[in-house]
Structure formats: C-alpha cells, structure tokens
Amino acid sequence: MKRSFILQGLECQASIGIYELERASPQRITVDAELMLSLASEPLNDQVESTLNYDVIRETIHRIVSKKHYDLQETLARCLFEALRSLDGVQSVRVQTSKPDAYNDCKTIAYELSDL
C-alpha cells in the first residue's frame, strides 16, 4: 500500500537567482511536492491530530521559500526536501521547484530532487 500527500503548483514569491534583475525583487516560483508516508502513520480515527496535517506541509514550504535569498533552485529544493523529509511520518520526498517566468519561449524551468 502506498500513502502519500501530493501538493501541486503552490505559487510563492521567492528571492532567487544569480542575475541582478533576479536579485532586485522577488519572483514567482511554483513548488510541487510528494511526501510518501509510513504505514505506521496512517490515522486510526477521523481526527486531524492523528495524521500529518497538510497545512504543515504548505506552511513549511512558504517558511523555507521566504527565509532568505537563494542563488540556485538546487539549493532551495534541497532546503525544502530536508525540511519536508524531517516531518513526522514521512518516509521519502519528491520536490520540484519551477521558475515559470524565467524564459519567454518555454512554460517553465524546473529542478527536481527525490528519494522516492
């Protein structure tokens, strides 16, 4: 049995990039995350206290993204990966960061990190 939370397309404002234009103001990024949950963490009742509240996942991402300036998507993704991986009941994680406004001729440029 596989148990996971999947968060797709969370839009955030991030201070990210190596170019002066990117450093001048925050830019829009999107974050996708999949958290594989341990079988032991499956809720035994219908109470939020018995499971990983997905508000925690969203808030963790927002906290990490807004924490500081990141030169590289790779660094931001690693910080997100480690924070999400450390949540109770999480066995493995996939994180993807995307910069949808980086280029005019493609939908997005993304970086993914996973231990799924």
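Some points to look at:
- Residues of the range 43-77 that turn out to be in contact (Cβ under 8 Å) with a residue 24 or more places away in the chain, over 24 Å from Glu20 (Cβ atoms) and not β-branched (Val, Ile, Thr), as a count: 4
- Qualifying residue in the range 35-42 (condition: within 16 Å of Thr75 (Cα to Cα), small (Gly, Ala, Ser) and touching a residue at least 24 places away in the same chain (Cβ under 8 Å)): no
- Flag if Tyr111 is surrounded by fewer than 17 Cβ atoms within 10 Å (Cβ to Cβ), aromatic (Phe, Trp, Tyr) and out of contact with any helix residue (DSSP H, G or I) (no Cβ under 9 Å at 6 or more places or on another chain): no
- Considering residues of the range 25-43 that are over 15 Å from Ala102 (Cβ atoms) and out of contact with any strand residue (DSSP E or B) (no Cβ under 7 Å at 6 or more places or on another chain) only, the residue modelled with the highest pLDDT: Leu39
- Check on Glu11, touching a strand residue (DSSP E or B) at 6+ places or on another chain (Cβ under 6 Å), surrounded by fewer than 15 Cβ atoms within 10 Å (Cβ to Cβ), outside any helix (DSSP H, G or I) and in contact (Cβ under 8 Å) with a residue 12 or more places away in the chain: yes
- Scanning the range 78-101 for residues that are outside any strand (DSSP E or B), buried (at least 16 other Cβ atoms within 10 Å of the Cβ) and touching a residue at least 60 places away in the same chain (Cβ under 8 Å) yields one hit, Pro100.
- When Ile16, Ile61, Ile6 are checked against the criterion of being at pLDDT 95 or above and over 20 Å from Leu116 (Cβ atoms), Ile16 stands alone in meeting it.
- Criterion applied to Asp46, Asp105, Asp71 was being exposed (fewer than 13 other Cβ atoms within 10 Å of the Cβ) and modelled with pLDDT of 95 or more, and the one residue passing it is Asp105.
- The residues of the range 14-29 that are part of a strand (DSSP E or B) and of a type outside the set (D, E, K, R), listed by number, are Ala14, Ile16, Gln27, Ile29.
The values are calculated or read from the model by the stated rules, or taken from the named source; none is laboratory data. The model shown is predicted, which means the values in this text are computed figures rather than measured ones. Glycine also receives a Cβ, built like all others from the backbone with ideal geometry; neighbour counts cover every protein chain displayed.
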